[in-house]
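These notes concern the structure reproduced below.
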Amino acid sequence: MAELVPDVEAVADLLIEAFARGGILYTMGNGGSAADAQHLTGELVGHYKRDRRPLPAVTLTTDATVMTCIANDYAYDEVFARQVQALARPGDVVAAFTTSGNSPNVVEALATAQSRGAVTVLFGGGDGGAAAKHADHLLLAPSSETPRIQEIHTLMLHMISDKVDAWAAA
């Protein structure tokens with residue numbers, strides 16, 4: 001994990017800069033990675049350790065109506081990309097959590113985010129899979145085992161939350 005600290009710090013700084021300019025963080029993932037995405041959003045909208053103002057963050061998995069509409073009318077591979085297309089703007093950050101890096105809906109959403117001028121962050125594992133080529137910032141757990149990757153993702157999102165929390169409370 002020590003080797004990842006500079007990259008984690010850089011993503012925290014990126015979020016601070018985005019929030020300072022009025023940007024929004026959009027997060028996403030499937031299954032346990034969706035829970036990690038919600039975890040990060042909760043720490044930012046609520047708070048991590050300090051009483052401070054809420055920060056603008058949205059998890060794209062939390063609106064069941066939108067998710068099922070897109071999956072039904074288009075395809076499950078589009079559930080995140082379509083939301084990113086509707087919401088993300090230059091100055092925003094789109095962060096994806098995926099242990100394999102190969103979920104088509106995540107890969108497509110990151111590509112869409114980049115095309116819209118948003119900055120992209122990938123919380124992944126191993127080499128980041130297909131999603132890595134669409135990420136401006138890579139936070140890759142050095143493992144191929146899903147439980148280890150998710151544990152490292154939790155540590156990284158807590159480190160990011162702590163730094164952003166301190167900034168927002170100042």
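The values are calculated or read from the model by the stated rules, or taken from the named source; none is laboratory data. Because the structure is a prediction, the values reported are computed rather than measured. Backbone-built Cβ (ideal geometry, glycine too); neighbour counts: all protein chains shown. Heads up: the accessible areas ignore ligands, DNA and RNA and are worked out on the full protein's heavy atoms, side chains in. Shrake-Rupley method; radii C 1.70, N 1.55, O 1.52, S 1.80 Å.
Rolling a 1.4 Å probe over the heavy atoms of the protein chains gives the stretch 73-136 an accessible area of 38 Å² per residue. Taking 0.36 nm per residue of separation and subtracting the Cα-Cα distance, full extension of the segment from GLN85 to GLU17 would add 22.3 nm. Between VAL121, TYR74, VAL45, the Cα set farthest toward the positive side of the dipole of the chain (charges on each charged residue's Cβ, about the Cα centre) is that of VAL45.
Put simply, when 142-152, 110-120, 8-18 are sorted by average Cβ atoms within 10 angstrom per residue, most first, you get 110-120, 8-18, 142-152. Sparsely packed loop sites in the stretch 50-147 (the chymotrypsin sites (Phe, Trp or Tyr not before Pro) outside DSSP H, G, I, E and B with at most 16 other Cβ atoms within 10 Å) comprise TYR74. One chain, two ends: ALA170 and ALA35. Fully extended at 0.36 nm per residue, the span grows by 45.8 nm beyond their Cα-Cα distance. Here the stretch 4-169 is assigned +1 on the Cβ of each Lys and Arg and -1 on the Cβ of each Asp and Glu. Its dipole about the Cα centre then comes out at about 360 debye. In whole percents, the pair-distance distribution calculated for the chain from its alpha-carbon pairs, binned every 10 Å from zero, is 11, 43, 36, 9, 0. Label reach from ASN102 (point 7 Å along Cα→C-beta): in the stretch 135-162, amide nitrogens under 14 Å belong to 144-146. In the stretch 87-170, taking the dipole from charged Cβ atoms about the Cα centre, the farthest positive-side position among HIS137, MET159, PHE97 is held by HIS137.
Close amide-amide hydrogen proximity is noted between ALA141 and GLY124, GLY125, GLY126, each under 5 Å apart and 5 or more residues distant or on a separate chain (H modeled in the peptide plane; Pro and chain starts excluded). With a simple spin-label model that places each label point 7 Å from the Cα along the Cα-to-Cβ direction, the separation between CYS69 and VAL5 comes to 4.6 nm. Between the amide H of THR27 and those of VAL58, THR59, LEU60, ALA95, distances stay under 5 Å, these residues lying 5 or more places away or on another chain, with hydrogens modeled in the peptide plane.
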